[in-house]
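Chemist: Here's a structure for you.
The values are calculated or read from the model by the stated rules, or taken from the named source; none is laboratory data. Just so it is clear, the model here is predicted, and its values are computed rather than measured. Backbone-built Cβ (ideal geometry, glycine too); neighbour counts: all protein chains shown. Quick note on the areas: whole protein, heavy atoms, side chains included, nothing else; ligands and nucleic acids left out. Shrake-Rupley method; radii C 1.70, N 1.55, O 1.52, S 1.80 Å.
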Amino acid sequence: MSETERPSDYHRRLPYGERVSAEPLLGGPFFPFEGDLQVVPLDEPVLPEPPRAGEPGGKPCFTCTNPELDAIWGDDQWRLKSGFQQNGLPMVALLVPREHYRLDNLPPELTATLGPMIQRVAGAIRQIEGVGRTHFNRWGDGSEHFHVWFLARPLGMMQLRGAMIAAWDDLLPPVPTEEFQANARTVATALSEQGGVALGLGK
Ligand SMILES: [Zn+2]
């Protein structure tokens, strides 16, 4: 293997083609699986990495080609989107800037409002009945358009703490559409009380 395919000591140390043990996760308080589990064989690094959506050579940016789709709230800088997939959690939402930026080229006026927006969205999601805490994270491996995920952790459901909440969202029974839309209205209304406008809540 060449240096470019395994670009660092970290990469060169890893057991490609092999299955590492699932043991470190089994029995943990946040891990939703038990029994005989197999980890998939570890893939070689892919370099250069394939383009993300919105990058040159990649698929068109979904956020920019469908700016209003699933938007439940917006102001002149940000939009909050929700309801684009079935969810097992009371709320999963995406905060996106209206314009196409990456994290590293987000203009100062947007970085200045990102913190307050995270605080506002987390607080708005907590207004949904039965939500204990709002988790948020930024991955950014699918689309170049900057986006922050928000996931509602149901009150008292301590197995759903931590990063595996995203897996639980797929595992738990889907929230009925009408109930999810009512939750979206709660979030949009709470946000609009501090600025911006609730959007598309009639559907
Ligand atoms: Zn975009």
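Chemist: Given H placed on each backbone N at 1.01 Å, which residues far from residue 131 in sequence or on other chains put an amide H within less than 5 Å of it?
Modeler: Placed amide hydrogens put 155 under 5 Å from residue 131.
Chemist: Quick check: net charge around residue 134, other residues with Cβ under 11 Å of its Cβ, Lys/Arg +1 and Asp/Glu -1?
Modeler: That works out to +4.
Chemist: Can you pull out the trypsin sites (Lys or Arg not before Pro) in segment 1-107 that DSSP calls coil and that have at most 11 other Cβ atoms within 10 Å?
Modeler: 19
Chemist: Quick check: at a probe of 1.4 Å, how many percent of the accessible area of the chain sits on carbon and sulfur atoms?
Modeler: Carbon plus sulfur share of accessible area: 55 percent.
Chemist: Would you look at the GNM of the chain, springs on alpha carbons closer than 10 Å, and say which of 137, 183, 87 moves the most?
Modeler: Sorting by GNM fluctuation, first place goes to 137.
Chemist: Fully extended, how many nm does the chain gain between residue 43 and residue 84 (0.36 nm per residue separation, minus their Cα-Cα distance)?
Modeler: Full-extension gain reported as 11.8 nm.
Chemist: Sticking with this structure for a sec: Under the rule a/c < 1.5 gives rounded, and otherwise a/b versus b/c splits prolate from oblate, where does the chain land using the Cα gyration tensor?
Modeler: oblate
Chemist: In nanometres, what is the gap between the two model label sites at residue 105 and residue 64, each 7 Å from Cα along Cα-to-Cβ?
Modeler: According to this spin-label approximation, the distance is 0.9 nm.
Chemist: Taking only Cα atoms, what is the 0 to 90° angle, nearest 10, from helix 177-192's long axis to the longest principal axis of the chain?
Modeler: 70
Chemist: About the Cα centre of the chain, how large is the charge dipole given +1 on each Lys and Arg Cβ and -1 on each Asp and Glu Cβ? Please answer in debye to the nearest 20.
Modeler: Roughly 500 debye for the chain.
Chemist: Further question on the same structure: Work out, step by step, the length gained on full extension between residue 157 and residue 33: first 0.36 nm times the residue separation, then minus their alpha carbon distance; give nm to one decimal.
Modeler: Extending this stretch completely gives an extra 43.1 nm.
Chemist: A further question follows. Over the chain, give the accessible area per residue in Å² for a 1.4 Å probe, as an integer.
Modeler: About 60 Å² of surface per residue is accessible.
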